[in-house]
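Visitor: One structure coming up, written as structure tokens, with questions to follow.
The values are calculated or read from the model by the stated rules, or taken from the named source; none is laboratory data. Note that the structure is a prediction, hence the values are computed from the model and not measured. Note that each Cβ is placed from the backbone with ideal geometry, even for glycine, and that neighbours are counted across all protein chains shown.
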Amino acid sequence: MPGKNESPHGTGNLTETFAFRCLDCATTWNRTFEVIPLPDPAGCLNPLEYVDEDGRAMRTPLTDAVCAACGSRKVRVG
Ligand SMILES: [Zn+2]
């Protein structure tokens, strides 16, 4: 799959790099997350957890996205 590759730490987990863009000042940056499949009792949602470079887990890469240039939280990913 594009954008996914082996973790450099050799844990076998997938990592995915997302391109972020600030809607206020147009700054762009990339951030790599470790993608961890969560147990799904319902078997239909295929939930994922994203762990950022600081080890913080979140449900989407946008959960804690803040522009480093202007501090805006109006950030898009894609
Ligand atoms: Zn900004």
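Visitor: Applying the selection to segment 14-46, what residues are under 20 Å from Gly78 (Cβ atoms), assigned to a loop (DSSP other than H, G, I, E, B) and out of contact with any Cys (no Cβ under 7 Å at 6 or more places or on another chain)?
Guide: Leu23, Ala26, Asn46 - these are the residues of segment 14-46 that are under 20 Å from Gly78 (Cβ atoms), assigned to a loop (DSSP other than H, G, I, E, B) and out of contact with any Cys (no Cβ under 7 Å at 6 or more places or on another chain).
Visitor: Of the residues that sit in segment 24-50 and are within 25 Å of Asn13 (Cα to Cα) and within 16 Å of the ligand (Cβ to nearest atom), which one is surrounded by the fewest Cβ atoms within 10 Å (Cβ to Cβ)?
Guide: The extreme case among them is Asn30.
Visitor: Of the residues in segment 51-78, how many are of a type outside the set (A, V, I, L, M, F, W, C) and either touching a residue at least 24 places away in the same chain (Cβ under 8 Å) or within 16 Å of the ligand (Cβ to nearest atom) (or both)?
Guide: 8
Visitor: I need the full set of residues from segment 1-45 which are among the basic types (Lys, Arg) and modelled with pLDDT under 75, in order please.
Guide: Selection gives Lys4 alone.
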